[in-house]
1. Sorted by packing (mean other beta-carbon atoms within 10 Å per residue), highest first, where do 246-253, 42-49 land?
2. Mark the label point 7 Å from the Cα of residue 27 along Cα→Cβ and return the residues of the range 94-110 whose backbone N is within less than 15 Å of it.
3. How far apart, in nm, are the 7 Å Cα→Cβ label points at residue 118 and residue 190?
4. For helix 4-18, report the angle its Cα long axis makes with the longest principal axis of the Cα atoms of the chain; keep it between 0 and 90° and round to the nearest 10°.
5. Determine which residues of the range 109-137 fall in the zone a paramagnetic label at residue 19 would reach in this model, i.e. backbone nitrogen under 14 Å from the point 7 Å along Cα→Cβ.
6. Starting from 0 in steps of 10 Å, tell me what percent of the Cα-Cα pairs of the chain lands in each bin.
7. Rounded, prolate or oblate: which fits the range 188-237 when a ≥ b ≥ c are the square roots of the eigenvalues of the alpha-carbon gyration tensor, with rounded for a/c under 1.5 and prolate only if a/b beats b/c?
8. On full extension of the chain, what length is gained from residue 107 through residue 225, given 0.36 nm per residue of separation minus the C-alpha to C-alpha distance?
């Protein structure tokens, strides 16, 4: 699933070609939203919010896409051949000089902007780590909510209602960098530890949101100990830890949507 940095790069790539331009054609895969309602309106914003990409129009409407594991946005010149089959296009927006196509996204919604705060997903999102005005105190408060007290921190960091933007890569990398046991209940960690996790995740998300298209995601920051690898622990099951040499482990974590956690049992501890 694309993480917050990927969505911010996607929004930044689309924005110069869409914002300020009038929609000349719009269509969605059937069944789907009646996106022809935006034809004739002008695109005012293209924004990433957590793992959502939002396109807003001057007629008060808004389109939300969530890419999950399969979706992606492409931009083409009018008449240019698409790199994927048109049958896979969930949403197409045409403006003068550009065609924006969202392929394979499981979620494409059209709704009124004034209802955004009531939206079942957007209205409950935690603070976005890539927001210039990110509210760390609110993110910490949400992590400390009673319903998350017994939740393992490796699961809580992926809870978009606590803080938005972290995905499986940054979860594993952040926990390893800060030497925190992924299986420790949130209530067992002090505020200083949670603040370090939030800060480290945010720092790497921001750094990678600005990387050039196609460049590898990096959390090692050029540290010689990484041996040129862009990541410390993610995807390295059964290979030696770059800090202590122990064997990296991996395990499915979480009940509703299990995700693979990579960690070092020596640097971070064994699960109970």
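1. On the way: 246-253: 15.9, 42-49: 19.8.
Ranking the peptides 246-253, 42-49 by packing returns 42-49, 246-253.
2. Label zone hits: 94-95, 99-103.
3. Output for this residue pair reads 4.5 nm.
4. Between the helix axis and the principal axis of the chain, the angle is about 20 degrees.
5. From the range 109-137, the list is 132.
6. Bins of 10 Å from zero give 7, 28, 31, 21, 11, 2, 0 percent of pairs.
7. Working: a/c = 2.41, a/b = 1.50, b/c = 1.60.
Verdict is oblate for the range 188-237.
8. Values: separation 118, 0.36 × 118 = 42.48 nm, distance 4.05 nm.
Full-extension gain reported as 38.4 nm.
Every number in this text was worked out from the coordinates using simple rules, so none of it is lab data. Only a predicted model underlies this, so the values are computations on that prediction, with no experimental measurement involved. Note: ideal-geometry Cβ built from the backbone for every residue, glycine included; neighbour counts use all protein chains shown.
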